[in-house]
1. Between LEU88 and LYS160, 0.36 nm times their residue separation minus their Cα-Cα distance comes to what?
2. List the aspartates and glutamates whose alpha-carbon lies under 18 Å from that of LYS131, not counting same-chain residues fewer than 8 positions away?
3. Quote the accessible area belonging to LYS103 in square angstrom, nearest 10, computed with a 1.4 Å probe and with ligands, DNA and RNA left uncounted.
4. How far is it, in nm, from the label point at ASP140 to the one at VAL62 when both lie 7 Å from their Cα along the line to the Cβ?
5. Can you pull the accessible area of PHE162 for me, 1.4 Å probe, Å² to the nearest 10?
6. Rounded to the nearest 0.05, what FRET efficiency is calculated for SER11 and ARG172 with R0 set to 45 Å and r the Cβ-Cβ distance?
7. Taking 0.36 nm per intervening residue step and subtracting the Cα-Cα distance, what contour gain separates ALA95 from ALA127 on full extension?
8. Using the Cα gyration tensor of region 121-166, with a ≥ b ≥ c the square roots of its eigenvalues, what is the shape: rounded (a/c below 1.5), prolate (a/b larger than b/c) or oblate (neither)?
Amino acid sequence: AVALGALQALSGLGWSLPEAVIQEGFAKAHWPGRLQTVHWGVHTLRPMQLRAMEALEERERVLLVDRTGGGKSHVIRLVGTFYKGVHLIFHPILALTADQLPKFTCGSPDFGWIEAHNLDEIGKTDAVRTKLIERITKLDKLSTTTIFLFSSRQFVVRNKRFCGALVRAARRGGL
């Protein structure tokens, strides 16, 4: 959409391309990234968020400590959406997961999906759990899907199938 908009703007300035050339160019283009409008109700980043995102960009380990509502989850959403793949998030209290889960889910077929799942709840249903494990296992570094997995530490320790799926995703560059 952005590329087409740029071509239309250039056309208005006298730089036009035939429609067939534009269609051929789009058909051959490889779009490895994602440009997607997502509204999370945040307009400016706080200094702590900027420092954390810069450190994560350099692949450094980051520990975010702030008050409730301080913006820790927003950093996770932004970085996770940018890097795609599977992101495992440990929450100490299941009520926090219930609050955050709807804020993480959005997407479009054009730019990739952003999913969020509560493993402690999914773990109770075999069919849903199996389907999610299959999706995680198939992700690779070229995937346009982001999957946020919220979990208690106890769930991951008790569920070897999920641990195996996460290890396989990591080996393919999807974690």
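The values are calculated or read from the model by the stated rules, or taken from the named source; none is laboratory data. Quick caveat, the model's predicted, so the values are computed rather than measured. Cβ: placed from backbone, ideal geometry, glycine included. Neighbour counts: every protein chain shown. The area values use the complete protein model at the heavy-atom level, side chains included, leaving out ligands, DNA and RNA. Shrake-Rupley method; radii C 1.70, N 1.55, O 1.52, S 1.80 Å.
1. Numbers: separation 72, 0.36 × 72 = 25.92 nm, distance 1.49 nm.
Stretched out fully, the LEU88 to LYS160 stretch lengthens by 24.4 nm.
2. GLU115, ASP120, GLU121, ASP140
3. We get 90 Å² for LYS103.
4. Label at ASP140, label at VAL62, 2.9 nm between them.
5. 0
6. Values: r = 42 Å, r/R0 = 0.93.
E(calc), rounded to 0.05, equals 0.60.
7. Numbers: separation 32, 0.36 × 32 = 11.52 nm, distance 2.42 nm.
Length gained between ALA95 and ALA127: 9.1 nm.
8. Values: a/c = 1.89, a/b = 1.60, b/c = 1.18.
It comes out prolate by the Cα gyration axes.
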